[in-house]
Each structure stands twice: as C-alpha cells, then as structure tokens.
1. Which condition breaks for residue 12 when tested against (1) part of a helix (DSSP H, G or I); (2) at pLDDT below 90?
2. Report whether or not residue 62 is open to solvent by less than 80 Å² (accessible area, probe 1.4 Å) and within 21 Å of residue 9 (Cβ to Cβ).
3. Would the range 66-76 turn up any residue that is closer than 21 Å to residue 25 by Cβ, among the small types (Gly, Ala, Ser) and within 12 Å of the chain's Cα centre (by Cα)?
4. Return yes when residue 105 is within 12 Å of the chain's Cα centre (by Cα) and polar (S, T, N, Q) and no when it is not.
5. When you look at residue 53, is it modelled with pLDDT of 95 or more, over 16 Å from the mean Cα position of the chain (by Cα) and not hydroxyl-bearing (Ser, Thr, Tyr), yes or no?
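The values are calculated or read from the model by the stated rules, or taken from the named source; none is laboratory data. Keep in mind it's a predicted model, so treat the numbers as computed, not measured. Ideal geometry is used to build each Cβ from the backbone, glycine not excepted, and the neighbour counts take in all protein chains shown. Ligands, DNA and RNA are stripped out before the accessible areas are found, and what is left, the full protein with its side chains, is counted by its heavy atoms. Shrake-Rupley method; radii C 1.70, N 1.55, O 1.52, S 1.80 Å.
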Amino acid sequence: MTTVEKPSITRWSHQRPSEGDDALGHVLLTFRVYPDDGAFVGECAELGVSSFGADPLAALEATLEATELYLERLDANGERDAVLSKKDVKVYDYAPSEDFSVGLTAHPGEFVSAQRFAVYPAS
C-alpha cells in the first residue's frame, strides 16, 4: 500500500510581519484597481485573482483577501510551486525589501500597488 503524504497546512498574510515572525517564505505581487460600472475591481496581475468593492480601498482589500485564500488553496492541493513557477512568481525564504518597482502601468482612474505576502505554518 502506498502512503500519500498530505501537504502541510499553511496560512498566507499580506499584513506587515512582526519582528522575529515565523514566516516560511514571501512573494511579491502587484495589484491593479480600476472603476467598473459604479464599483471598483481589484486584480492581482501575476495570479489573475480578482474581486471588487464600493471604493478603491475596499476593492484592494477584498482582492488581497481573495489572493490569500487562493495561495492557501494552492498549498492545500500541493500545487503552489508548479503554479507560481509557471507564473514567474519567485518565493523568497527571507523578507525581501519593500522598495521594489511595480511593472504595471496605471491608466487614468486606476492605481497599482505592490504587496508582499508571507506564508506561515498554520496555527
């Protein structure tokens, strides 16, 4: 009988890590927020995750949360490395500088935001 190892459970967060946190890794992602039909849409450029909100900040926050859930699902399914590699998203084993450039162009009415996500062991 073959035993299949269950993927480890993890938790992702876009919140600024505290000093001495126990992060297992980090990714840098970029987000675009734009108006659409009376609401605002947020999307993660690298992963294609999107959500919406009544204002730009609400759309960004909803998209950040949706991205956390997407990353957690990738981990739970054992697909993280394959998907992130295919999408050219590098996983850092240290907290990279928050002073990185955004490779997206903002059009009138849009804004872009660079965000660092950290992965933690589930508590």
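1. Residue 12 satisfies all of (1) part of a helix (DSSP H, G or I); (2) at pLDDT below 90 except (1).
2. No: the conditions fail for residue 62.
3. Yes, that holds for at least one residue.
4. In short, no.
5. Yes, satisfied.
Yes/no per residue for (1) in contact (Cβ under 8 Å) with a residue 12 or more places away in the chain; (2) surrounded by fewer than 13 Cβ atoms within 10 Å (Cβ to Cβ); (3) acidic (Asp, Glu):
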| residue | (1), (2), (3) |
| --- | --- |
| 22 | yes, yes, yes |
| 32 | yes, no, no |
| 42 | yes, no, no |
| 53 | yes, no, no |
| 79 | no, no, yes |
| 85 | no, yes, no |
